[in-house]
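A.B. asks: Would you mind keeping the following structure in view while I ask a few things?
The values are calculated or read from the model by the stated rules, or taken from the named source; none is laboratory data. Computed from a predicted model, the values in this text were never measured in an experiment. Here the Cβ positions follow ideal geometry from the backbone for every residue, glycine too, while neighbour counts run over all protein chains shown. Just so you know, the surface numbers come from the protein's heavy atoms only, side chains and all, with ligands and any DNA or RNA stripped out. Shrake-Rupley method; radii C 1.70, N 1.55, O 1.52, S 1.80 Å.
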Amino acid sequence: GHGLPALGMRMLNGEAWLGNTAYHSVSLIDGYSGKVGTQVGLPGMTGRLQVVNSPGGAVITDQRGNLIKVSNDNFTTSSRIRLFQAGAATAAAGQNALYAVDSATGQIQQLDAAGPRLARIGPQISVGKPITSPVVAPDGSLYFAIPSSGSAGHVTHGRLITIRGAGRPGNHLDVVLAGQIPVAADLAAGTLVRLGSAAIIGRAVHLPAAFRARQVAGSETGNGIVGAVSDNAVDSVNADRKSVV
């Protein structure tokens with residue numbers, strides 16, 4: 001109701017968390033009525049906010065590397081923590097796992113997803129390079145793109161695995177989930193590959209020559225569909241069958 005930019009919208013079961021950067025707060029919106037269910041202030045959070053849904057509540061990050069959690073049950077906030085000294089943090093969450101990520105430096109820290117506190121799990125991992133598009137697979141592991149090397153990364157059980165051949169070095173590379181399937185998309189080359197736990201599975205899927213995607217989006221269903229969007233068209237790729245549909 002302030003008429004100011006609200007960033008970090010995330011939908012979950014018909015509800016959406018909105019992060020308000022100017023007022024350093026988050027609001028829970030009923031996705032069906034559009035009404036504000038509650039508003040929670042975030043002490044000590046500064047700059048642009050990002051919101052992700054994790055088990056038991058929303059996790060909010062800011063541009064200084066701070067993270068805080070808001071409970072879905074009673075809307076209390078956890079103690080604010082700062083994991084990365086270099087700057088901004090993002091968070092990636094799945095059904096049973098939560099990770100904090102500094103995309104600029106490639107630092108990753110797994111956190112307790114279910115508890116009310118943002119407790120650390122295992123060691124902090126350093127990729128040593130900027131990373132993009134971190135996503136949490138259904139098994140609780142983390143996938144992300146390493147554009148400078150054209151590779152994808154996989155973090156499981158506190159260990160980093162590099163998956164080579166996801167794209168061309170230096171190209172725009174993103175990772176999305178198509179249901180349960182992690183997919184890496186090289187948008188400059190117009191190719192998509194299915195990621196396994198340690199290697200590429202199958203051959204690359206090529207979008208039509210006239211179609212050059214500017215954005216890709218995964219799907220929450222188990223059908224393996226990835227959406228590819230260009231300036232004036234939408235295409236879809238079945239990552240399970242490894243074919244353009």
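A.B. asks: If the label point is 7 Å along Cα→Cβ of residue 23, which residues in region 38-81 have backbone nitrogen under 13 Å from it?
C.D. replies: Inside the label zone: 38-42.
A.B. asks: Can you give me the three principal axis dimensions of region 94-220 from its C-alpha atoms, in Å, biggest first?
C.D. replies: 49, 30, 23
A.B. asks: Okay, next question. If packing is taken as the average count of other Cβ atoms within 10 Å, what order do 43-49, 174-180 fall into, highest mean first? Spell out each step's value before the answer.
C.D. replies: Values: 43-49: 15.7, 174-180: 21.9.
Peptide ranking by packing, descending: 174-180, 43-49.
A.B. asks: Skipping prolines and chain starts, which residues have an amide H placed within reach, meaning under 5 Å, of the one on residue 163, given they are 5 or more residues away or on another chain?
C.D. replies: Those lying under 5 Å, H to H, from residue 163 are 152, 153, 154.
A.B. asks: Whenever you get a sec, compute what percent of the accessible area on region 80-156 sits on carbon and sulfur atoms (1.4 Å probe).
C.D. replies: 51
A.B. asks: Cα-Cα pairs above 17 Å in region 88-154: how many percent?
C.D. replies: 35
A.B. asks: Ordered by residue, what ³J(HN,Hα) values in Hz, to whole numbers, does region 158-166 give under the Karplus form 6.51 cos²θ - 1.76 cosθ + 1.60, where θ = phi - 60° and Gly and Pro are x?
C.D. replies: Once rounded to whole Hz, the list reads x, 10, 9, 10, 9, 9, 8, x, 6.
A.B. asks: With the calculation restricted to Cα positions, what are the radius of gyration and Dmax of region 50-109 in angstrom?
C.D. replies: 11.1, 35
A.B. asks: From Cα coordinates alone, what are the radius of gyration and Dmax values for region 15-125 in angstrom?
C.D. replies: According to the Cα coordinates of region 15-125, Rg and Dmax are 13.3, 43 Å.
A.B. asks: Here's a follow-up. Quick one: order 35, 69 from most to least accessible surface, probe 1.4 Å.
C.D. replies: 35, 69
A.B. asks: Place the peptides 57-68, 101-112 in order of packing, highest mean first, counting for every residue the other Cβ atoms within 10 Å and averaging per peptide. Each step should come with its number before you reach the end.
C.D. replies: Numbers: 57-68: 22.9, 101-112: 21.2.
Ranking, from highest mean packing down: 57-68, 101-112.
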